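Taking it in order: structure first as structure tokens, then the write-up.
The values are calculated or read from the model by the stated rules, or taken from the named source; none is laboratory data. Just so it is clear, the structure is predicted and the values come from calculations on it, not from any experiment. Neighbour counts run over all protein chains shown; Cβ positions are idealised from the backbone, glycine included.
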Amino acid sequence: MNEKDPLTTLLDDAARRGIAYRQSCGDRAVAPSETAVAAVQRLVEPFSEEGRPDEEVLALLDEIGSPATMAMAGPRFFGFVIGGSLPVTVATNWLSTAWDQNVVMHEVTPATATVEKVAIDWMVDLFGFPAGTGAGFVTGATVANFTALAAARHRVFEDAGWNVEADGLIGAPPVTLIVSNEAHPTLFKSLGMLGLGRERVVRVPTDGQGRMISSELPDIDGPTIVCTQAGNINTGAFDPIADICAAAKPHGAWVHVDGAFGLWAEASAAHRSLTAGMQQADSWATDAHKWLNVPYDGGIAFVRNASDLAASMAITADYLLTDTEHRNPSDYTPELSRRGRGVDVWAALLSLGRKGVEELVDRCCRHARRFAEGFSEAGFEVLNDVVLNQVLVDFGNDADTRRVIDAIQAEGTCWCGVTVWQGRTAMRISVSNWATTNEDVEKSLSAMIAVARRLV
């Protein structure tokens with residue numbers, strides 16, 4: 001009987017350990033134990049002169065690292081908008097990692113480049129974006145916002161007669177940036193990285209659910225970028241994008257949509273009204289590792305005119321091949337070197353189909369409504385209208401709410417985070433995992449309410 005070669009033995013062992021970990025996520029406490037977290041310090045050691053055998057490295061990582069992880073892939077992690085990576089996407093992620101492709105040019109990586117282009121075409125269709133929309137696969141919503149807004153920066157400056165890519169920002173004409181008062185912090189980070197300024201913004205007031213009040217938009221004159229939000233990170237509410245576009249676009253403003261998770265509401269007939277007018281915008285950002293449930297990382301930037309995206313991102317060098325027949329992925333992303341992250345998106349979309357994506361969104365929203373119903377019935381205040389997958393719960397006052405959240409996290413059945421929204425401390429429940437069942441919701445509700453009643 002032939003023995004396995006070292007590569008097969010090692011990868012078989014990795015697969016076995018990975019499968020065991022994923023199978024444990026539904027049964028274990030969501031948060032790691034204090035003992036497991038403390039054991040991580042065993043990994044802190046001086047850099048050794050001699051290496052260790054590969055199988056020993058893998059075993060060390062699994063035996064110490066795995067118990068110290070948060071079970072984000074499991075069905076009862078509700079702390080952030082985090083999907084639990086569909087099994088098919090974990091499998092294709094492993095395979096594409098084995099391919100070890102640097103998705104720069106179609107000619108060099110035709111398989112991954114083609115798969116990514118197919119995934120983009122499917123999403124453009126799913127979201128109802130106009131023909132000719134360009135897109136790039138990036139790390140997450142922060143870089144997706146950065147990438148889309150780089151295209152916006154290119155266009156508004158070019159319209160003003162300024163080549164920002166060549167001449168930079170020193171001496172450039174001013175650009176007005178209009179944002180929601182409840183825009184996500186990553187949007188401001190993106191503006192800062194682009195040199196447009198985190199504080200050089202006009203903030204538009206929001207209503208009682210965190211939606212931008214379109215009637216409060218300032219007068220628009222000159223180069224302007226308006227940043228809207230599809231899915232408030234706390235309430236799930238959507239800015240009135242149609243009204244904002246109607247007010248801004250006739251004046252030549254670029255309208256961007258930060259839709260890290262909310263963009264996927266477009267896939268659901270029951271929730272599509274929330275995204276009304278979204279297609280009228282000029283750019284959009286989303287995270288496939290949120291609601292589409294692919295492994296990290298899976299951000300996507302979409303731009304109505306692909307040429308604007310390419311103008312802000314494309315790179316040339318003597319050693320890079322020019323392929324005018326095919327789409328070169330590196331022309332649409334900040335990175336030159338990157339993994340084929342679009343393969344996982346392709347796999348999720350092919351596995352689910354249009355109906356499967358819709359069912360995933362609807363199921364998570366149904367779970368969120370059940371959480372809200374359960375807490376209301378138990379006498380605790382739900383602060384938001386549950387229009388999507390976000391629920392905010394108040395346990396009486398800031399101190400009590402924080403005590404309850406800490407105790408829920410320690411109890412281990414599920415994990416929810418803390419937030420401060422419109423001056424009130426709340427527990428935030430985000431439901432976006434394909435694996436969450438009705439039983440998981442009821443088990444979590446029972447545990448959370450029991451903890452809250454014991455403490456307040």
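Structure notes:
- Close Cβ contacts (under 7 Å, 6 or more residues apart or on different chains) running from residues in the stretch 408-432 that are over 14 Å from Asn232 (Cβ atoms) and of a type in the set (Lys, Arg) to residues that are assigned to a strand (DSSP E or B) and at pLDDT 95 or above comprise Arg424/Asp394.
For (1) small (Gly, Ala, Ser); (2) more than 28 Å from the chain's Cα centre (by Cα); (3) in a helix (DSSP H, G or I), each residue gets a yes or a no:
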| residue | (1), (2), (3) |
| --- | --- |
| Gly374 | yes, no, yes |
| Leu392 | no, no, no |
| Arg403 | no, yes, yes |
| Met427 | no, no, no |
| Thr436 | no, no, no |
| Ser446 | yes, yes, yes |
| Val451 | no, yes, yes |
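- You will find that of Val294, Val345, Val255, the residue that is free of Cβ contacts under 8 Å to residues at least 60 places away in the same chain and either within 20 Å of Thr147 (Cα to Cα) or part of a loop (DSSP other than H, G, I, E, B) (or both) is Val255 and no other.
- The residues of the stretch 10-42 that are free of Cβ contacts under 8 Å to residues at least 60 places away in the same chain and in contact with a helix residue (DSSP H, G or I) (Cβ under 7 Å, 6 or more places away or on another chain), listed by number, are Leu10, Asp13, Ala14, Arg17, Tyr21, Pro32, Ala36, Val37, Ala39, Val40, Arg42.
- In the stretch 99-128, the residues that are farther than 20 Å from Arg354 by Cα reach residues that are of a type in the set (D, E, K, R) and in a helix (DSSP H, G or I) with C-beta atoms within less than 8 angstrom, at least six apart or across chains, in these pairs: Val103/Glu116.
- Close pairs from the stretch 199-224: first free of Cβ contacts under 8 Å to residues at least 60 places away in the same chain and surrounded by fewer than 17 Cβ atoms within 10 Å (Cβ to Cβ), partner among the acidic types (Asp, Glu) and part of a loop (DSSP other than H, G, I, E, B), Cβ under 6 Å, at least 6 apart: Ile213/Asp207
- The condition (being touching a helix residue (DSSP H, G or I) at 6+ places or on another chain (Cβ under 9 Å), crowded, with 23+ Cβ neighbours inside 10 Å, aliphatic (A, V, I, L, M) and not in a helix (DSSP H, G or I)) is satisfied by just one residue among Ala135, Ala151: Ala135.
Residue-by-condition table, conditions (1) in a loop (DSSP other than H, G, I, E, B); (2) among the basic types (Lys, Arg); (3) within 27 Å of the chain's Cα centre (by Cα); (4) surrounded by 13 or more Cβ atoms within 10 Å (Cβ to Cβ):
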| site | (1), (2), (3), (4) |
| --- | --- |
| Ala20 | no, no, yes, no |
| Ala29 | yes, no, yes, yes |
| Pro32 | yes, no, yes, yes |
| Arg42 | no, yes, no, no |
| Leu58 | no, no, no, yes |
| Glu63 | no, no, no, no |
| Pro67 | no, no, yes, yes |
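- Residues that are basic (Lys, Arg), at negative phi and surrounded by 22 or more Cβ atoms within 10 Å (Cβ to Cβ) are absent from the stretch 176-198.
- Scan of the stretch 258-276 for residues that are hydrophobic (A, V, I, L, M, F, W, C), over 17 Å from Pro185 (Cβ atoms) and surrounded by 19 or more Cβ atoms within 10 Å (Cβ to Cβ), ordered by number: Leu263, Trp264, Ala265, Ala267, Leu274
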